[in-house]
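Some notes on the structure that comes next.
The values are calculated or read from the model by the stated rules, or taken from the named source; none is laboratory data. Here the structure is a predicted model, which means the values were calculated and not measured. Don't worry about glycine lacking a Cβ; one is built from the backbone with ideal geometry, like all the others, and counts go over all protein chains shown. Note: areas computed on protein heavy atoms with side chains; ligands, DNA, RNA excluded. Shrake-Rupley method; radii C 1.70, N 1.55, O 1.52, S 1.80 Å.
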Amino acid sequence: MKNIVRIPFSQHGINERQICKKAQIILNALTKAGYEAYLVGGAVRDLLLGKQPKDFDIATSAHPEQIKKVLPSTRIIGRRFRLAHVHFGREFIEVATFRAPHDKSDKGLVSNDGRIIHDNVYGTIAEDALRRDFTINALFYDLSTGEILDFVDGMQDIEQRQLRLIGDPSRRYREDPVRMLRAIRFMAKLGFSLEPETKSPIRELSPLLSTIAPARLFDESLKLFHSGYAVLTFSLLRKYLLFSCLFPLTEQSLKEEESGLFLNLVMSALNNTDKRIQGNKPVNPAFLFAVMLWHQVKKGEIMYREMGNPELQSMHMAASDILTCQVKSVAIPRRFSNITREIWTMQGRFQFKACRRALNFIENKRFRAAYDFMCLRASSGEPLEEDCEWWTLFQSLSSEDQLTMCNAASPQKYKRSGRRRRRK
Ligand code: ATP
Ligand code: MG
């Protein structure tokens with residue numbers, strides 16, 4: 001193992017005031033009780049890079065029960081690992097006990113293909129540094145001395161703006177293939193490059209993502225696409241052959257759809273998502289899935305219609321097929337997939353502009369999402385410009401003017417659609 005390097009404040013410049021008060025309370029309480037406790041991971045990395053950390057994680061020599069004794073508002077949680085959440089009202093800070101790399105002990109279990117399936121093995125700070133993913137994520141900040149502790153030459157990689165896996169890259173990706181996605185996420189977020197040995201195994205090992213639970217991949221997908229760098233993330237995921245492991249149907253569409261309309265749709269959606277995140281506006285995962293799967297769902301709908309099924313039923317059947325297929329790689333919790341389905345099934349309603357239907361439609365609680373989706377389709381090249389303009393204007397009017405507008409809407413279109421529907 002490399003020697004520990006202690007970096008003083010004068011060389012890193014992180015000061016106490018940049019660390020959230022709650023994290024300081026925890027660090028001080030654990031140190032006072034005789035335990036080692038450090039700020040670690042993304043917070044140290046982001047502060048060094050002059051970015052605002054998303055969260056302040058703490059690593060300590062105290063075991064979860066000992067943390068709870070020192071800080072009674074602690075709740076011990078544990079799925080993959082046992083972790084302490086120290087609560088401050090509804091907010092909490094995650095405090096993890098130092099863990100050893102799995103191969104240091106017979107208690108850490110590894111499956112036949114090299115995956116960690118259980119690694120709740122406590123260790124020393126040096127061991128905890130080595131079991132982390134990238135060197136830049138393994139820096140420990142000591143609040144009591146103001147020093148950063150570096151066991152893996154992480155500072156050097158921060159300076160060189162590169163991501164380097166700790167240890168043998170192939171082995172580390174095999175242990176946890178999600179590290180490949182994390183590599184892409186940090187590249188996009190930090191603008192860092194991949195150190196050549198960290199980069200080289202990714203394409204070959206990308207299929208290992210299929211061994212990861214779809215629910216975990218859902219969480220990772222949100223981090224990938226809802227962090228404000230979705231456009232870049234998308235192209236990097238494709239470049240490293242990881243995208244098709246998450247969204248195989250989308251990759252198939254991108255290959256099939258030669259006109260580029262679908263790629264336009266995806267790019268416009270990701271661009272909008274980035275803008276919304278940067279503007280602190282909410283984003284709904286349902287929309288992301290609606291976009292990613294649109295081309296395949298549309299294809300399915302046409303197929304069912306050609307088999308003689310009515311339009312709406314065809315869309316429902318296609319939606320079920322496509323969602324069932326997608327959740328085999330990335331799960332979509334029901335609360336989101338229901339909205340995705342509604343966005344799709346509502347697309348057919350924009351052609352009906354006669355009063356009763358139009359007024360009912362804008363009252364629907366999913367109207368806004370369906371409308372945004374339709375206008376996105378229009379802006380990415382589908383022939384829906386007129387519909388987008390009509391509904392944009394319609395929503396902005398007073399009730400009286402809405403009546404005038406929908407009365408003037410072509411009743412022929414309404415009748416024509418009705419006849420077509422009856423024939424089926
Ligand atoms: P973010 O800014 O996205 O929160 P982060 O680096 O803090 O980035 P987290 O997912 O919050 O990422 O994880 C906290 C720390 O835990 C990481 O910095 C890293 O040291 C360690 N870690 C997380 N996931 C893994 C993993 N799959 N393998 C090894 N270490 C990991
Ligand atoms: Mg974090």
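On the stretch given as segment 261-280, residues that are surrounded by fewer than 19 Cβ atoms within 10 Å (Cβ to Cβ) and without any contact (Cβ under 8 Å) to a residue 60 or more places away in the chain total 8. Of the candidates LEU30, LEU71, LEU49, the single residue that is within 16 Å of ligand 1 (Cβ to nearest atom), at pLDDT 95 or above and not hydroxyl-bearing (Ser, Thr, Tyr) is LEU49. Quick check, is ASP55 under 27 Å from ILE136 (Cβ atoms), within 16 Å of ligand 1 (Cβ to nearest atom) and open to solvent by 20 Å² or more (accessible area, probe 1.4 Å)? Criteria met by ASP55.
Annotation for segment 168-177: at least one member residue is touching a Pro at 6+ places or on another chain (Cβ under 7 Å) and of a type in the set (Gly, Ala, Ser). Residues in segment 141-148 include none that are polar (S, T, N, Q), within 16 Å of ligand 2 (Cβ to nearest atom), open to solvent by 30 Å² or more (accessible area, probe 1.4 Å) and in a loop (DSSP other than H, G, I, E, B).
Please determine whether any residue of segment 360-368 is aliphatic (A, V, I, L, M) and either without any contact (Cβ under 8 Å) to a residue 24 or more places away in the chain or buried (at least 17 other Cβ atoms within 10 Å of the Cβ) (or both). For segment 360-368, residues aliphatic (A, V, I, L, M) and either without any contact (Cβ under 8 Å) to a residue 24 or more places away in the chain or buried (at least 17 other Cβ atoms within 10 Å of the Cβ) (or both): absent.
Residue check: is ILE26 part of a loop (DSSP other than H, G, I, E, B), open to solvent by less than 30 Å² (accessible area, probe 1.4 Å) and in contact (Cβ under 8 Å) with a residue 60 or more places away in the chain? Before the answer, list the steps.
On the way: part of a loop (DSSP other than H, G, I, E, B): no; open to solvent by less than 30 Å² (accessible area, probe 1.4 Å): yes; in contact (Cβ under 8 Å) with a residue 60 or more places away in the chain: yes.
No.
Kindly indicate which of ALA100, ALA62 is more than 16 Å from ligand 2 (Cβ to nearest atom), surrounded by 13 or more Cβ atoms within 10 Å (Cβ to Cβ) and modelled with pLDDT under 95. Write out each step before concluding.
Values: ALA62 fails: modelled with pLDDT under 95.
Unique residue meeting the criteria: ALA100.
I'd like the full set of residues that are within 16 Å of ligand 2 (Cβ to nearest atom) and assigned to a helix (DSSP H, G or I), limited to segment 217-246.
Within segment 217-246, the first condition is being within 16 Å of ligand 2 (Cβ to nearest atom), and the residues that meet it are 219-220, 222-224, 226-229.
Listed by number, the residues that qualify are ASP219, GLU220, LEU222, LYS223, LEU224.
Filtering segment 80-95 to residues that are in contact (Cβ under 8 Å) with a residue 12 or more places away in the chain and in a strand (DSSP E or B) leaves ARG82, LEU83, ALA84, VAL86, HIS87, PHE88, GLU91, PHE92, ILE93, GLU94, VAL95. Scanning segment 394-410 for residues that are over 16 Å from ASN360 (Cα atoms) and assigned to a helix (DSSP H, G or I) yields a single hit, ALA408. Applying the criterion of being more than 21 Å from PHE88 (Cα to Cα) and part of a loop (DSSP other than H, G, I, E, B) to the residues of segment 1-23, the residue that is least open to solvent (accessible area, probe 1.4 Å) is ILE14. Selection within segment 29-44: residues that are surrounded by fewer than 23 Cβ atoms within 10 Å (Cβ to Cβ) and of a type outside the set (S, T, N, Q). The member of this set that is nearest to ligand 2 (Cβ to nearest atom) is GLY42.
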